[in-house]
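Visitor: Here it is, the structure, as structure tokens.
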Amino acid sequence: MNDRQAMLPEFKRLIKEYPPPTIEELFTLLNSDEEFKKNRMRYFETQEDGFCYSHTVPGNQKTTWNFVRIQNYFENVRKICDELEKTFNVRVFCSSYYSPESSQAFPAHFDAYDLFGVQVFGSKKWKIWPQLPESVYDKELTPAQGPIISDWIPRFQPEVMVANPGDVFYVAARRPHEVIALDSDSFSHMFAVLDADSKFVDF
Ligand SMILES: [Fe+2]
């Protein structure tokens, strides 16, 4: 267990003390704030024929709604991020995901930051592979990470974790993962804890 993972109980306490917005509150904001709609919404979908990404609702029932970096819109989320930033001395942001049953937003990929997640409703199955070594990792990488993980993940059995309502969990940076919503709609908040030297500055 690393230092960050050891903070999971504290993260759980913060979620209880400062409950993040409900899906209804996020939809209310979406419908009332044009700037939020324009700059803070992404729609993702992965099926057998590939990965789709859109800034507008595609009208497809398997699309995941991603509310991006919501920490400056909700006081409670801001407080959780502030507490985590104080603890880790790095930037923290929060994105929320609303996924239809049996859907998958992204193909297997890794992120450049650690994740603290809370599953609000529905369940999601996470497959998580061992951490990529620094030697194959470059912080400039964007979602076009396919060639790196397509060499890496077939070599290992992934850990399988099911996040159920109320669960909190931690996924270290550079651990490739694939997430599938199970048999009902699913909603989760993901807090990204950046590296001290992260070049990710788009807040
Ligand atoms: Fe991810």
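Visitor: If a/c stays under 1.5 just call it rounded; otherwise compare a/b with b/c (prolate if a/b is bigger, oblate if not). Do that for the range 8-69, with a ≥ b ≥ c from the square roots of the Cα gyration tensor eigenvalues.
Guide: Cα axes put the range 8-69 in the oblate bin.
Visitor: Something else: Where in the range 13-45 does the amide nitrogen come within less than 16 Å of the point 7 Å from the Cα of Ser184, taken along Cα to Cβ?
Guide: Residues 23-24 fall inside that zone.
Visitor: Another question, then. Show that you can apply the helix-only estimate: for the chain, add -39,500 (n - 2.57) for every DSSP H stretch of four or more residues, divide by all residues, and state [θ] at 222 nm to the nearest 500.
Guide: -6500 deg cm²/dmol
Visitor: Once you sort the root eigenvalues of the Cα gyration tensor of the range 1-117 as a ≥ b ≥ c, which label holds: rounded (a/c under 1.5), prolate (a/b larger than b/c) or oblate (the other case)?
Guide: Because a/c hits 1.5 or more and a/b fails to exceed b/c, the range 1-117 counts as oblate.
Visitor: Now for a separate question. Which one of Val193, Val162, Val57 has the biggest mean-square fluctuation once the chain is modelled by GNM with Cα springs under 10 Å?
Guide: Val57
Visitor: Arrange His177, His55 by Cβ neighbour counts within 10 Å, fewest through most, would you?
Guide: Ordered by Cβ neighbours within 10 Å, fewest first: His55, His177.
Visitor: Hydropathy first: keep DSSP H helices in the chain averaging at least 0.5 on Kyte-Doolittle, then drop any whose Cα extent along the axis falls short of 15 Å, and list what survives.
Guide: Flagged H segments: there are none.
Visitor: Please compute the alpha carbon radius of gyration of the range 5-193, then divide it by the globular-protein estimate 2.2 N^0.38 Å. Two decimals is fine.
Guide: 1.00
Visitor: Run the quick spin-label model on Asp151 and Asn39: label points 7 Å from Cα toward the beta carbon, then report their separation in nm to one decimal.
Guide: The answer from the label model is 3.8 nm.
Every read-out reported here was derived from the displayed coordinates using simple, explicitly stated rules and does not represent laboratory data. Quantities reported herein were computed from a predicted structural model and do not represent experimental measurements. So basically every Cβ, Gly included, is an ideal-geometry build from the backbone, and we count neighbours across all protein chains shown.
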